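Following: one structure in structure tokens, then a few remarks.
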Amino acid sequence: MPALVLLGAQWGDEGKGKATDLLGGSVDYVVRYQGGNNAGHTVVVGDQKYALHLLPSGILSPGCTPVIGNGVVVDPSVLFSELSGLNERGVDTSKLLISGNAHIITPYNVTVDKVTERFLGKRKIGTTGRGIGPTYADKINRVGIRVQDLYDESILTQKVEAALDVKNQMLTKFYNRRAIATDQVVGELLGYAEKLRPYVADTVLVLNQALEQDKVVLFEGGQGTLLDIDHGTYPFVTSSNPTAGGACTGAGVGPTKITRVIGILKAYTTRVGAGPFPTELFDEDGEALRRIGGERGVTTGRDRRCGWFDAVIARYATRVNGLTDFFLTKLDVLTGWEQIPVCVAYEIDGKRVEELPYSQTDFHHAKPVYEMLPGWSEDITGAKSFSDLPKNAQAYVKALEEMSGAPISAIGVGPGREETIQINSFL
Ligand code: GDP
Ligand code: IMO
Ligand code: MG
């Protein structure tokens, strides 16, 4: 019953889409367990490039059943536009399963996300504006709308009314916006009900039965460890649990079932939105990483903030996720630097600190302590095995592995499926 969790070890955009797609041909189910269409996962197959937001990347692998678990938040309008975009490109999406317990991102959740961010001004989180935070807030406040609610108009109406009760007071009296009418929201949501019906399933049962039958299940994380609501750089985080435990709650699978936890780790660091980032660069090196790495957001088109590799964060990701492996991505982007700085520890108020501080104040004061590793100039995009890499690139990988606390079992040397060096098998 192999059950693998594949998740972001940094601040998202590590290359989870590519890694999931690489395994897609050998797994039976690919499951999203948290987040929603704030994610942007790029998959490159031959000369075709796909950007997936809500759908699991396994949807591109024939033979694989894509699942949207109970922990995901679903915007139905995005779902259907993503599905039809794939259908137009000849992708069969008919196997998709969606949990009846998944929460729905309603139009008012999107509105609330945007107005609160605007109101925060300089203190904003820099959210993707997709309604993610307000939808999870409604879930926790027990005024959320679930997929199954679309099949009982009377219950749906009562729930939308309850959800809008306080929100309309807030929108009109505080944010100076127009109130949102219950019947308009109910009408829009009911319009999706029949189109959604063929996909709705008891995904907890389906996945547990699949594991009992020795099927291979891959849990595809959105976002990353440092964006986790509990373990990330709060409050500059997303509103769900991308960390490994999130796969259990977000899919209804017990922790004893998980056999492997793979952290996707970029060979340098990026972040989108606000919040602390100790190794961030504001010079031409940062600009070069952005240009060579194509570091522009798949969802919002924002430039990603770029910086050197941070081993403190990698160690932290190993710990909070119980990582068994790393998949190191974008090593090819570092080709051409004579020396590559790697952050091995922080200096916080004059003291050297080896582990991520739990205090927000300390983390804001953290200055990177760098070790310089020798670079390489050879093109590595064609490398098929570890020994094909130049000696200094091999040494860079080995140094990162040593510092990060889990074996690097695969290395990305380009965006394509085949541009991967597999060191240890994941299955
Ligand atoms: P995700 O959100 O974790 O799936 O990552 P994104 O798709 O947002 O961003 C990763 C970007 O890096 C995408 O454009 C990928 O096509 C690309 N990519 C992934 N792995 C590699 C790699 O090893 N080398 C290079 N050059 N690009 C990669
Ligand atoms: P993938 O899956 C990078 C960031 C946003 C913002 C914060 C909160 O492609 O790695 P939200 O809209 O979730 O409330 O925004 O989280 N963020 C991401 N950053 N990659 C992502 O997804 C992200 N999803 C959200 O930029 O800082
Ligand atoms: Mg992304």
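The values are calculated or read from the model by the stated rules, or taken from the named source; none is laboratory data. Being a predicted model, the structure only gives us computed values, none of them experimental. When we count neighbours, we look across all protein chains shown, and the Cβ atoms used for this are built from the backbone with ideal geometry, even at glycine.
The table for this structure:
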read-out: Count of residues meeting criterion [within 11 Å of ligand 1 (Cβ to nearest atom) and either over 20 Å from Pro415 (Cα atoms) or outside the structural domain of Pro341 (by TED's automatic domain parsing) (or both)] in region 273-299; value: 0
read-out: Within region 35-54, considering residues that are hydrophobic (A, V, I, L, M, F, W, C) and touching a Leu at 6+ places or on another chain (Cβ under 7 Å), the one modelled with the lowest pLDDT; value: Val45
read-out: Tally of residues being under 24 Å from Leu83 (Cα atoms) and under 17 Å from the mean Cα position of the chain (by Cα) across region 198-239; value: 6
read-out: Those residues of region 397-427 which are in a loop (DSSP other than H, G, I, E, B) and of a type in the set (Asp, Glu), in sequence order; value: Glu418, Glu419
read-out: Test: residue in region 342-353 that is under 21 Å from the mean Cα position of the chain (by Cα), crowded, with 18+ Cβ neighbours inside 10 Å and either within 19 Å of Val397 (Cβ to Cβ) or touching a residue at least 40 places away in the same chain (Cβ under 8 Å) (or both); value: no
read-out: Total residues in region 16-56, condition surrounded by fewer than 24 Cβ atoms within 10 Å (Cβ to Cβ) and within 12 Å of ligand 2 (Cβ to nearest atom); value: 4
